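The values are calculated or read from the model by the stated rules, or taken from the named source; none is laboratory data. Everything numeric in this text was worked out from a predicted model, so none of it was measured. No Cβ is skipped: glycine too gets one built from the backbone with ideal geometry, and neighbour counts run over all protein chains shown. Remember, those area values only see protein heavy atoms, side chains included, never the ligands or the DNA or RNA. Shrake-Rupley method; radii C 1.70, N 1.55, O 1.52, S 1.80 Å.
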Amino acid sequence: MLRFITAGESHGPALTTVIDGLPAGVPLDIELINRDLARRQKGFGRGGRMLIEQDKAEITAGVRFGQTMGSPVTLVIHNRDWENWQDRMAPAGSPCGPAVTAPRPGHADLTGVLKYDRQDVRDILERASARETAARVAAGAVMKQLLSAAGIQILAHVTNIGGVQAAAARPAFAALQAGVLASELSCFDTKAEAAMKAAILTAREQGDSLGGIFEVLAVGVLPGLGSHVQWDRRLDTKLAAALMSIQAIKGVEVGAGFAYAGLPGSKAHDEIYYDPARGYYRQTNNAGGLEGGMSNGETIVLRAVMKPIPTLMTPLASVDIVSKAPLQANTERSDVCAVTAAAVVGEAMAAIVLTEVLLEKFGNDNLPDLSAAISRYRQRLSGR
């Protein structure tokens, strides 16, 4: 079983990821991990923290001479801002500095202090912060290197910010990837990107924040990953849960998603064809590559909507958790818009889930056995 866990606080010494269940013999390039960490930090509308941190991963366990050994892989991302927070975030001693007592609407602040019986909101906000997603991106970058060996590629792009919608027709995967990497907002539509930037600048001037939508694509996925047999083995269940687990994500759809509500069955479903050279195929992909809880061989298409960030420079009304007096919510250094970063996290979470179901089906002892099992499966499918 593949599993991963992250640890660390936003202003603590470091973020840590431990990945258990990776096959032995997977080549890992640290630069590919750091490239995704850098992508997570970019984006028009990001805040001052991105000027401080230049995230780099350090592999501290599970890899020898550039290959996994089958033991847990551990990655550490040091927080450069820790030097400014050592007193306030010290693991020992007495509290230093004023407590944060003004919870932010839309954040984990208030519910967290009630659940865990804390007197300082910082005990909650430090872990609830989206800074934690750097650890997820590092894990996902590891998974993407394994998936690449199986012929699977994953890419996310931004389709909407603040109501500004990118063109519905996206280019082919390679062209889309080039456009995404060249864009400050990971949006291939340059005209829409310009309008998105204008909306972000307006929000910044008003002390406000913006949300949006990103789309995750996975190409080269074999049919038959996941299962229809139990609810928790369905691939759509796992992918939707993974995207919903990202901070500030409030909705997920697969393929046509909510547009299905306006389609009759005759227009909704992807008709099946067969060609001796191609095998079974579909000319449309409303299902988003998932049918009956399983991958069907088409491109997997997922979308997630991110709400506006709850930390506002023009704060909303709140209540002091100690005095119960009305006041303005706490303000932390924050972004105006982080949808671009969330898209990279979405890539990572999709990669983690697809790696999980790939290893579940084909085994996880070592890469040669995994590759051989995938090859045998492809051969069997080619005879159907």
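Taking the Cα centre of the chain as origin, sum charge times position over the Cβ atoms of Lys and Arg (+1) and Asp and Glu (-1), and report the length of that vector in debye to the nearest 20.
Numbers: 39 positive and 39 negative charges, 109 e Å.
For the chain, the charge dipole is close to 520 debye.
Enter the mean projected area of the convex hull around the alpha-carbon atoms of the chain, in nm², rounded to one decimal. Before the final figure, lay out the partial values.
On the way: hull surface 84.5 nm².
Result: 21.1 nm².
Leaving ligands, DNA and RNA out of it, rank Lys191, Lys250 by accessible area with a 1.4 Å probe, largest first. Please report the intermediate quantities before stating the final value.
On the way: Lys191 170, Lys250 140 Å².
Greatest to least solvent exposure: Lys191, Lys250.
Quick one: net charge of Ala166's neighbours, Cβ under 15 Å, K/R +1, D/E -1?
Counting the neighbours of Ala166, the net charge comes to 0.
Compute the long axis of helix 133-149 from its Cα atoms, compare it with the longest principal axis of the Cα atoms of the chain, and write down the angle in degrees, 0 to 90, nearest 10.
Value to nearest ten degrees: 10.
Calculate how steeply helix 339-362 sits against the longest principal axis of the alpha-carbon atoms of the chain, using the helix alpha-carbon long axis, and give the answer as 0 to 90 degrees to the nearest 10.
With both axes taken from Cα atoms, the answer is about 40 degrees.
Report, in listed order, any pair from Lys144/Lys197; Lys267/Lys361; Lys197/Lys307; Lys144/Lys361 with a Cα-Cα distance greater than 21 Å. Write out the running numbers ahead of the final one.
Working: Lys144/Lys197 30 Å; Lys267/Lys361 33 Å; Lys197/Lys307 17 Å; Lys144/Lys361 17 Å.
Pairs exceeding 21 Å: Lys144/Lys197; Lys267/Lys361.
Using only DSSP helix segments of four residues or longer, with each worth -39500 (n - 2.57), what per-residue ellipticity at 222 nm results for the chain after dividing by its residue count and rounding to 500? List each step's numbers first, then the result.
Values: 11 runs with 128 residues, N = 384.
Here the helix-only value at 222 nm equals -10500 deg cm²/dmol.
Using a 1.4 Å probe on the protein chains only, how many percent of the accessible area of the chain belongs to carbon and sulfur?
Working: 9930 of 18220 Å².
The value for the chain is 54 percent carbon and sulfur by accessible area.
Taking the Cβ-Cβ separation of Trp82 and Ile272 as r and a Förster radius of 51 Å, what is the calculated FRET efficiency to the nearest 0.05?
Details: r = 55 Å, r/R0 = 1.08.
Calculated value: 0.40.
Among Gly106, Met69, Gly363, whose Cα projects farthest towards the positive end of the dipole of the range 3-383, with charges put on the beta-carbon of Lys, Arg (+1) and Asp, Glu (-1)?
So the residue we want is Gly363.
Before I look further, what does the range 3-383 give for accessible area per residue, probe 1.4 Å, in whole square angstrom? Present the calculation step by step, with values, prior to reporting the outcome.
Working: 17860 Å² over 381 residues.
Here the per-residue accessible area is 47 Å².
Projected onto the charge dipole of the chain (+1 at Lys/Arg Cβ, -1 at Asp/Glu Cβ, origin at the Cα centre), which of Ala348, Val322, Gly45 gives the Cα projection farthest towards the positive end?
Ala348
Accessible area, 1.4 Å probe, largest first: how do His269, His157, His78, His107 sort? Could the numbers behind the result be given before it?
Details: His269 130, His157 5, His78 105, His107 50 Å².
Heavy-atom accessible area, descending, gives His269, His78, His107, His157.
With axes computed from alpha carbons, what is the tilt in degrees of helix 173-182 against the longest principal axis of the chain, rounded to the nearest 10 within 0 to 90?
20
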